[in-house]
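Scroll down for the structure; my scribbles are underneath it.
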Amino acid sequence: MPVPDPDCAAPRLTLVLGGARSGKSRYAEGLIEALPGPWLYVATAQAWDDEMRARIAEHRARRPAPWETVDAPRDLASVIRRAPAGRPVLVDCLTLWLTNAMLDEDADLAAERDALVESCRTAAGPMVLVSNEVGLGIVPENALARRFRDEAGRLHQRLAALADRVVLVVAGLPMILKGEAR
């Protein structure tokens, strides 16, 4: 999979979208690894079952030192704000964070989304955000799934407006939607 030229300046904020198993995480890791380490991986997944534990283990195995992993299933904005200036940061993935927030009955989703967007706006960068594009399929049959699709779409639109580069990954192929390929 193509990765950017390490001699080119990295965009401050990149949003990488794609479907399940599209190659978006590997592509995003390549963007970060093209920069001098150490790198910060902000993981939003929670291991609720054996399958998810296996997926998390697979992702971690791909990231030996100098990757540092910070788990942030909920307070993502705070972790982004605390990231050391200039340290390359990868957040994977926003739709898992959104799921965690939506399933928390005490969450103020609008406030958390606003805090996340603001933390991305003010982050020193470089930062790569990974998220699942879920709006390309049929209309979901239940209200929660429709709300999730709509919330993800709104979040993606706000972050894409802020981002210097937006990439859609399909079948392992990155398509630049905004910004330079670098």
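The values are calculated or read from the model by the stated rules, or taken from the named source; none is laboratory data. Everything quoted here is computed from the prediction, not taken from an experiment. Reconstructed Cβ throughout: ideal geometry from the backbone, glycine too, with neighbour counts over all protein chains shown. Accessible surface is based on the protein model in full, side chains and every heavy atom, while ligands, DNA and RNA are left aside. Shrake-Rupley method; radii C 1.70, N 1.55, O 1.52, S 1.80 Å.
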Looking at this structure, is Ala111 part of a helix (DSSP H, G or I), at pLDDT 95 or above, within 19 Å of Ala20 (Cβ to Cβ) and among the hydrophobic types (A, V, I, L, M, F, W, C)? no
What single numbered condition from (1) at pLDDT 95 or above; (2) touching a Ser or Thr at 6+ places or on another chain (Cβ under 8 Å) fails to hold for Val117? (2)
By my count, strands (runs of 3 or more DSSP E) wholly in the stretch 114-182 with at least 3 residues that are open to solvent by 80 Å² or more (accessible area, probe 1.4 Å) are 173-178
With criteria (1) open to solvent by 20 Å² or more (accessible area, probe 1.4 Å); (2) assigned to a helix (DSSP H, G or I), Thr95 comes up short on (1)
